Amino acid sequence: MYDFIQKFHSGWAYLALLVLLVTIINSWIGMTSKKEFTPKDRKIAMFGLIATHIQLAVGLILWFVSPLGKAAFGNMSDAATRLTSLEHPLTNIIAIVLITIGWSRHKKAATNEAKFKSIALFYSLGLALILIRIPWHLWF
């Protein structure tokens, strides 16, 4: 079970990052070209939100069944252990909170530009946090 969850979490990460990147690019284009915020744009942003929340849910399940989750309460002197058991989960929780804030703010925005700006800004901040705390040594 642990191996399946770990492989799913790793595989889904590629999809979540791709969808998040498409969402950000779409929002930046919409904001700079001053186009209308359409239902298609809303769906793209929602897919980014859903993909990252699924990744978070699977990651939290993995953290609780993994030996790395238990290591978070142990010795943190090893940088690789600290990254995978503490820094990666906490930073990604913050990133997904930012993405969720961007989604919520876009719903309250009155103008098309404000909707695109909210998604572009908060999703970009979330992506930046995700990218700085991916355990790259485990990806390659």
Fill in the blank from the handout: Under the 7 Å Cα-to-Cβ spin-label approximation, residue 64 and residue 134 lie apart by a distance in nanometres of 2.7 nm
Handout entry: Percent accessible area from carbon and sulfur atoms, segment 93-140, protein chains only, probe 1.4 Å
Key = 68 percent
Exercise for the section: Name the residue, out of 38, 81, 100, whose mean-square fluctuation peaks in a Gaussian network model built on the chain with Cα pairs under 10 Å. Expected result: 38
Exercise for the section: Please work out the FRET efficiency for the pair residue 7 and residue 29, using the Cβ-Cβ distance as r and a Förster radius of 35 Å; give the result to the nearest 0.05. Expected result: 0.55
Completion exercise
Rounded to the nearest 10, the angle in degrees between the Cα long axis of helix 39-65 and the longest principal axis of the Cα atoms of the chain comes to 10 degrees
Exercise for the section: May I ask you to list the lysines whose Cα is less than 20 Å away from that of residue 35, ignoring any residue fewer than eight positions away on the same chain? Expected result: 43, 107, 108, 115, 117
Practice task
For the chain, just run the numbers: alpha carbon Rg, then divide by 2.2 N^0.38 Å, N being how many residues it has.
Solution key: 1.14
Handout entry: Surface accessible to a 1.4 Å probe, per residue, for the residues of the chain, Å²
Key = 58 Å²
Exercise for the section: Check cross-link reach from residue 34 to the aspartates and glutamates: straight Cα distance under 20 Å, and skip same-chain residues fewer than eight apart. Expected result: 113
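The values are calculated or read from the model by the stated rules, or taken from the named source; none is laboratory data. The model shown is predicted, which means the values in this text are computed figures rather than measured ones. Reconstructed Cβ throughout: ideal geometry from the backbone, glycine too, with neighbour counts over all protein chains shown. Note: areas computed on protein heavy atoms with side chains; ligands, DNA, RNA excluded. Shrake-Rupley method; radii C 1.70, N 1.55, O 1.52, S 1.80 Å.
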